[in-house]
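One structure, as structure tokens, below. Some questions next.
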Amino acid sequence: MQKAYIETSVINQAFSESVTGNDIAIYLDTLGFQPTIGIHTIYELAKTYLEPNSTLKAQQLFSILLQLEASIIPPTDEVFKKEIMKLRTGAAVLPFLDTLNQSSTRQEINKLANGIFDSKAEKFIKSREKLHRTKNPIIYEDFLDYIAKVKSYHTDILRNIRTFEDVVSYFENQIPDLIVKILKGKVSKNEAVELFHRLGSFPTLRSAVRANIDLCFICIVHNTHPGSDRKDDNRHIVDSSYCQAIVTGDEQLAKRVNRINPELVLIPWENISFRYRKSNQSSNQSLHSDG
């Protein structure tokens, strides 16, 4: 069955509208999709435990997540390692956690759904938050600084850049260097050039490259530095690279899905919400008729 990535806003919307994880899974099943989540989604939801008086809300969020019975995508860097191995050996990329790690991660979700947020979990969240602020494996500030310098020296050239694809074309020669940065120097320049020419065969890396270029697009076309929300949104799209669809309740993220991954099917939260409301209305009308 094809996979549909569940982005964090979907869980928050489900909580707000009293939609269960089962409701979401059933709807996706009618479309031929199985729910999938990433470690980043778990991390974002777990941060709720750090908010004052939010334990009950956090439990309910993780209960929704647990009910999805979703496949789980490993951290982005782990997928990058597998794509590097594919480049070097031709080995197939297995983009989901193996059975043992799937089971242990679901156990952690179950603990969080039952309000068990111990010191180990808190330490993990805080350390990941610090890492997220200081060193994002998807977004590289120095590349953005490079763009700013190019813009200051070549205003006449960049003035004609208006679209995302214009930015892709303009910086095409720099993409191998960006690949080396994204993969933290774990590939040679020659390997980066080969990856660039075969990006379509490495979905997570391709999305990461386009996610970075999306931020450059903001710098060049809109003359502003991209916000942290945009970086988080792009990370989810990157994590969904081996899925066939992405479910989101974030309108801004939805606008960028096909820019970063042109092959993803977009499933808006509103589709699920509408079906749920319609189902409830039918049930209520049936009850009234029986009465």
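The numbers here are math on the coordinates, done by the rules we state, and not lab data. Computed from a predicted model, the values in this text were never measured in an experiment. Here the Cβ positions follow ideal geometry from the backbone for every residue, glycine too, while neighbour counts run over all protein chains shown.
Need one word for the range 1-87: rounded, prolate or oblate. Basis is the Cα gyration tensor (sqrt eigenvalues a ≥ b ≥ c); a/c below 1.5 gives rounded, then a/b vs b/c decides.
Values: a/c = 3.34, a/b = 1.32, b/c = 2.54.
Taking the square roots of the gyration eigenvalues as a ≥ b ≥ c, the range 1-87 is oblate.
Using a Gaussian network model of the chain whose springs link C-alpha atoms within less than 10 Å, name the residue from 71, 201, 104 with the highest mean-square fluctuation.
Evaluated over the chain, the most mobile residue of the options is 104.
Can you give me the angle between helix 228-239 and the longest principal axis of the chain, using Cα atoms only, in degrees from 0 to 90, rounded to the nearest 10?
That helix lies at roughly 80 degrees to the long axis.
Please report the spacing between the Cα centers of the range 170-189 and the range 213-273 in Å, no decimals.
Comparing the Cα centres of the range 170-189 and the range 213-273, I get a distance of 22 Å.
Taking 25 Å as R0, compute the FRET efficiency from the Cβ-Cβ separation of residue 118 and residue 92 and round it to 0.05.
E(calc), rounded to 0.05, equals 0.10.
Evaluated at 37 °C with a viscosity of 0.692 mPa s, what Stokes-Einstein diffusion coefficient in µm²/s does the range 2-290 have when Rh comes from the Kirkwood expression over alpha-carbon pairs?
Approximately 161 µm²/s, per Stokes-Einstein.
Where in the range 225-241 does the amide nitrogen come within less than 15 Å of the point 7 Å from the Cα of residue 266, taken along Cα to Cβ?
Counting backbone N atoms under 15 Å from the label point, the list is 233-234, 237-238.
Working out 0.36 nm times the residue gap between residue 43 and residue 66, then minus their Cα-Cα distance, what length gain in nm do you get to one decimal?
Working: separation 23, 0.36 × 23 = 8.28 nm, distance 1.42 nm.
Gain in length upon complete extension: 6.9 nm.
Report, to the nearest 10°, how far helix 55-68 tilts away from the longest principal axis of the Cα atoms in the chain, using its own Cα long axis and a range of 0 to 90°.
Roughly 80 degrees, rounded to the nearest 10.
Rounded to the nearest 0.05, what FRET efficiency do residue 193 and residue 22 have when you use their Cβ-Cβ distance and R0 = 41 Å? List each step's numbers first, then the result.
Numbers: r = 48 Å, r/R0 = 1.16.
That pair, residue 193 with residue 22, gives E of 0.30.
Return a whole-number percent for the relative contact order of the chain, with Cα pairs under 8 Å and 6 or more residues apart as the contact set.
Values: 338 pairs, mean separation 64.9, N = 291.
Relative contact order, the chain: 22 percent.
Between the helical axis of 21-30 and the dominant principal axis of the chain, each derived from Cα atoms, what acute angle in degrees is found, rounded to the nearest 10?
So the helix axis and the longest Cα principal axis differ by about 70 degrees.
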